[in-house]
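K.L.:
If you scroll down you'll find the structure; I have some questions about it.
The values are calculated or read from the model by the stated rules, or taken from the named source; none is laboratory data. The structure displayed is predicted, hence computed values, not measured ones. So basically every Cβ, Gly included, is an ideal-geometry build from the backbone, and we count neighbours across all protein chains shown.
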C-alpha cells in the first residue's frame, strides 16, 4: 500500500486493491448450494500478532468491499466509508485491522445474480438462490477463517450493515467481542417493506428487466434509477431536504407552463438515479432488498429477548433522531432486549436533521462515539 | 333524488347524478385558451332562498365530483366524502347546499388531458395546457356563477382541496365567508415534491405512456399503478401501517425462498394500485401533481403575510399529528400568517396515528370540528 500525493490526502489509507476469495462451495439458508463462490474484500491496516485487532465492516444495501482508500490515483472518490476508516480516524488503521467484504448476492465482485452460473455458462439472474442476512454473515465467516481471525474486536455497520453486525453476535457469539450497530433495526417496519417494494416494482415494471434476464441486452436502467430515487428520499429527512434544496428551481428562468421545469430536488434525485445504474445490478437490488425485508429477529428467535439471550459481545447502538426509515424506537427495542438479558450496551440517539444517511456523512458525534467505544473495547480485550 | 333500501343507508344523500357545465371558453393562467370546456359537478341538499347556505367541496389529487351518495343502487361504494356529507352529517344536507366539481385537468368528467381536443379530434395528451390550483379555482367560479351563488358559506377541502380552499379566499375574498382547510400547506416541501416526482417518473418510465399519447392503445397501467402505490405509502403513517399490516404475510405457508412471497402491506399496495388504473388517467396524474408542486403562496405573493392580507373569510385549519406528507408545521404557518393579519382562525392539530388520509376516514374529532365551525358560521351570516 503506497501513498500518492494529490487527490489522496494524508489521512487516507492510500491505494488499495480489492481481493477475491474463492470458496469451493457455499450453502445458502434456502438449502441451495453454489460452487464455487467468490467473495470480494479489502483490508486496511495490519493484523497484529495476537490477532485481536480485527474489525469487520458490514456494508448497507448499495455498498461494496471498497470502504476506504483509492483504487487508483485518478479516482474522484475514495471508498464509501473513507471518512471513518484511516490513520487517526475512528476505525484507526494505525491500530486496527479493518476488513470489508461485498455481500453475497451483491454485484461488486462477490457472487450474485449477475455472476456466471457454471452449470449454464450464463448469468444466474432470478435463478440465483434467495439471500438472507444470515447468508451474508456466513460468507463473511469463511473470509475470517481464511484470514486466520478467530475473534473480531468488533463488527460494525449501518442500516443493513447493522443487521449483519447484530446477526454475527447472535450466531457466532464466540467470535465477536463487540458490535457497533448504527441506524438499524431488528426488523423493518411495514412502511420500510412498502418502500422497498415500490423500488422493486420500479425495476420489474421496466420491460428491459425481462424477468431478470437482461445481461445480453440493455438492462432496466430506468427502473433501477427510479428505485434509487425512491431510496434516496428515504435516506434524507424532510428537514434536510428543505435545507439542501428548498423549493428552488434548477433553472430559474424556464416558464412554469411546461413540463420541462425542474425543482432542484428533482434534478438531485435524477442525478443520483443515473449515477447508480453505472455501478449497480438491478437483480442484486431485488435480492438484497428482500434480504432486508425478511430479516426479523422476533420471528426467527420467538422474541427479541430470546434473540439476544446467548450474545456475549458488548454493544454500541446508535440511532439518528431524524431517521424515519430506521427510526430511533427500533434501536431502542434492540437496546431494551439486550439490557433485559443483562448485556453491556451503550446507546446514543444522535440529534441530527440529516436522516438515515447520517452514518455516511462526516459527523463528529458519530465519529466520537465509535472512536471511544473501540478504544475502550480494545483496551479491555488487550488486558485479557 | 330518491332513496332506495339496501346498500344506501338512511343518512346518505341517496341517488345522485353527475351534471356537466359547458363554458364557451376558459383561459388558463398559462395564457392558453380552450373552447369549449366542461366541468363535471354534483350537488347535494337545497340552495335556500337567501342563497347563503352553499358550501363548495374541493377534492384532492385523486378525487372527483362524486363526493356523496350513489350513482346507482348497485354501487358498492358511495362518493369519496360520503362519511362527511349527508343528512345530519357535518356537511348537513338538511341545512346546506353542497357542491363538488371535478377539477379542470382531471379525468372524471371535467376537461383534462384525456378529453378530445376539438382542433385535432384527438385527445389532448401533453398538449393540454399546464394546470394550476388557481385554474381549478377559476373553473369553480364559473360554476358558482352558473348556479347563481354570489357568496359561499364555506369552501372546504383536504390536501390539494385545502390549497384550492385557501386560494379561493385569497383570490375571491368577497365570495367566501369561511374556509375549512384540512391537512394542507401553503407550499409542498422538497420531500413532497420528490415523492410526486418519483410517482410521475413511474408513469413516464412506462413505455405504454408513449409521451402521453396512449389513448388509442394500452395505457401506462403499470406505471400509474406504481405511482399510486408510492402515493399510498405517504397517505398513511408508519404507525398506522404497522397496526394495519405489521410484518404479516399474505399467505403464511409460502416458503421464503422465492420471490413469490408477499407481505400484506405489499398486497395492499398492489391492490390499491390496480384499482386506481380503472378510474384514473395517467396524464391527469402528471398535470395535477405538477399543479400541487407549483402551488406556492410565499412565492406568488412575496410572503405568507402578504398572501393573506386581503382575506376576509374566517378560517378553520386542521392538521393531523401523524401526517408526514402535509406535516402540522405547515398548517401552523398558515395559521400564524392569518393571525398576524388579524384574521379569525380556529386551528386544531388533531392527535391521530392515521396519517394524511385521516381526512377521508370516519373520524369523530374531525367531524365535530367541521360541524361546529359550520354551525357557528351559518348562524353568523344568517344574522347579517
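K.L.:
What number goes with the only condition from (1) crowded, with 19+ Cβ neighbours inside 10 Å; (2) part of a loop (DSSP other than H, G, I, E, B) that residue B:315 does not pass?
P.N.:
Going through (1) crowded, with 19+ Cβ neighbours inside 10 Å; (2) part of a loop (DSSP other than H, G, I, E, B) one by one, residue B:315 breaks only (2).
K.L.:
Right, here's the next one. Being under 17 Å from residue B:200 (Cα atoms) and more than 7 Å from chain B (Cβ to nearest Cβ) is the filter; apply it to region A:180-203 and report the residue that is surrounded by the fewest Cβ atoms within 10 Å (Cβ to Cβ).
P.N.:
If we take residues in region A:180-203 being under 17 Å from residue B:200 (Cα atoms) and more than 7 Å from chain B (Cβ to nearest Cβ), then A:200 is surrounded by the fewest Cβ atoms within 10 Å (Cβ to Cβ).
K.L.:
Out of all the residues in region A:69-93, which are on the phi > 0 side of the Ramachandran plot and part of a loop (DSSP other than H, G, I, E, B)? Talk me through it step by step, then tell me what you get.
P.N.:
Let us first name the residues in region A:69-93 that are on the phi > 0 side of the Ramachandran plot, namely A:69, A:86, A:88.
Residues satisfying the conditions are A:69, A:88.
K.L.:
One residue is enough: does region B:220-237 have a residue meeting the conditions farther than 20 Å from residue B:266 by Cα, more than 7 Å from chain A (Cβ to nearest Cβ) and in contact with a helix residue (DSSP H, G or I) (Cβ under 8 Å, 6 or more places away or on another chain)?
P.N.:
So the first thing to find is which residues in region B:220-237 are farther than 20 Å from residue B:266 by Cα, and the list is B:220.
Narrowing the set further to residues that are more than 7 Å from chain A (Cβ to nearest Cβ) leaves B:220.
So of that shortlist, the ones also in contact with a helix residue (DSSP H, G or I) (Cβ under 8 Å, 6 or more places away or on another chain) come out as B:220.
Looking through region B:220-237, at least one residue is farther than 20 Å from residue B:266 by Cα, more than 7 Å from chain A (Cβ to nearest Cβ) and in contact with a helix residue (DSSP H, G or I) (Cβ under 8 Å, 6 or more places away or on another chain).
Residues are listed down the side, and each one gets a yes or a no for (1) out of contact with any strand residue (DSSP E or B) (no Cβ under 8 Å at 6 or more places or on another chain); (2) within 14 Å of another protein chain (Cβ to nearest Cβ); (3) under 30 Å from residue A:199 (Cβ atoms); (4) not in a loop (DSSP other than H, G, I, E, B):
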site	(1), (2), (3), (4)
A:12	no, no, no, no
A:17	no, no, no, no
A:22	no, no, no, yes
A:29	yes, yes, yes, no
A:39	no, no, yes, yes
A:56	no, no, yes, yes
A:67	no, no, yes, no
A:95	yes, no, no, no
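For every residue, the table says whether it meets (1) within 14 Å of another protein chain (Cβ to nearest Cβ); (2) out of contact with any helix residue (DSSP H, G or I) (no Cβ under 6 Å at 6 or more places or on another chain); (3) within 28 Å of residue B:379 (Cα to Cα).
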| residue | (1), (2), (3) |
| --- | --- |
| B:103 | no, no, no |
| B:107 | no, no, no |
| B:124 | yes, yes, no |
| B:148 | no, yes, yes |
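K.L.:
On to the next question. Just to be sure before I move on: is residue B:126 touching a strand residue (DSSP E or B) at 6+ places or on another chain (Cβ under 7 Å) and in contact (Cβ under 8 Å) with a residue 60 or more places away in the chain in the structure I sent?
P.N.:
Working: touching a strand residue (DSSP E or B) at 6+ places or on another chain (Cβ under 7 Å): no; in contact (Cβ under 8 Å) with a residue 60 or more places away in the chain: yes.
No.
K.L.:
Right, next: Answer with yes or no whether residue A:250 is modelled with pLDDT of 95 or more, closer than 30 Å to residue B:190 by Cβ and either surrounded by fewer than 16 Cβ atoms within 10 Å (Cβ to Cβ) or touching a strand residue (DSSP E or B) at 6+ places or on another chain (Cβ under 8 Å) (or both). So that I can check it myself, show each step before the final result.
P.N.:
Values: modelled with pLDDT of 95 or more: no; closer than 30 Å to residue B:190 by Cβ: yes; either surrounded by fewer than 16 Cβ atoms within 10 Å (Cβ to Cβ) or touching a strand residue (DSSP E or B) at 6+ places or on another chain (Cβ under 8 Å) (or both): yes.
No; evaluated as a whole, the condition is false for this residue.
K.L.:
Considering A:149, A:104, A:99, which residue is touching a residue at least 12 places away in the same chain (Cβ under 8 Å) and part of a strand (DSSP E or B)? Give the steps one after another, and end with the answer.
P.N.:
Working: A:149 fails: part of a strand (DSSP E or B); A:104 fails: part of a strand (DSSP E or B).
After ruling out the rest, the residue left standing is A:99.
K.L.:
What is the residue count in region B:129-146 for residues that are assigned to a loop (DSSP other than H, G, I, E, B) and either out of contact with any strand residue (DSSP E or B) (no Cβ under 9 Å at 6 or more places or on another chain) or not assigned by TED's automatic domain parsing to the domain that holds residue B:51 (or both)? Full working, then the answer.
P.N.:
We begin by selecting, within region B:129-146, every residue assigned to a loop (DSSP other than H, G, I, E, B); these are B:129-132.
From the residues that got through so far, the ones that are either out of contact with any strand residue (DSSP E or B) (no Cβ under 9 Å at 6 or more places or on another chain) or not assigned by TED's automatic domain parsing to the domain that holds residue B:51 (or both) too are B:130-132.
The number of residues fulfilling the criteria is 3.
K.L.:
For region A:329-360, which residues satisfy the criterion of being at positive phi and either surrounded by fewer than 17 Cβ atoms within 10 Å (Cβ to Cβ) or at pLDDT below 95 (or both)?
P.N.:
Step one: filter region A:329-360 for residues at positive phi, giving A:342, A:355.
Within region A:329-360, A:342 is the sole residue that qualifies.
K.L.:
With (1) surrounded by fewer than 24 Cβ atoms within 10 Å (Cβ to Cβ); (2) more than 14 Å from chain A (Cβ to nearest Cβ); (3) part of a helix (DSSP H, G or I) as the list, and residue B:310 as the residue in question, which single condition is left unmet?
P.N.:
So residue B:310 meets the others, but not (3).
K.L.:
Under the condition of being out of contact with any strand residue (DSSP E or B) (no Cβ under 6 Å at 6 or more places or on another chain) and assigned to a helix (DSSP H, G or I), which residue from region A:152-171 is surrounded by the fewest Cβ atoms within 10 Å (Cβ to Cβ)?
P.N.:
So in region A:152-171, the residues out of contact with any strand residue (DSSP E or B) (no Cβ under 6 Å at 6 or more places or on another chain) come out as A:159-160, A:163, A:167, A:170-171.
From what's left, assigned to a helix (DSSP H, G or I): A:160, A:163, A:167, A:170-171.
Working: A:160: 26, A:163: 29, A:167: 25, A:170: 20, A:171: 16.
If we take residues in region A:152-171 being out of contact with any strand residue (DSSP E or B) (no Cβ under 6 Å at 6 or more places or on another chain) and assigned to a helix (DSSP H, G or I), then A:171 is surrounded by the fewest Cβ atoms within 10 Å (Cβ to Cβ).
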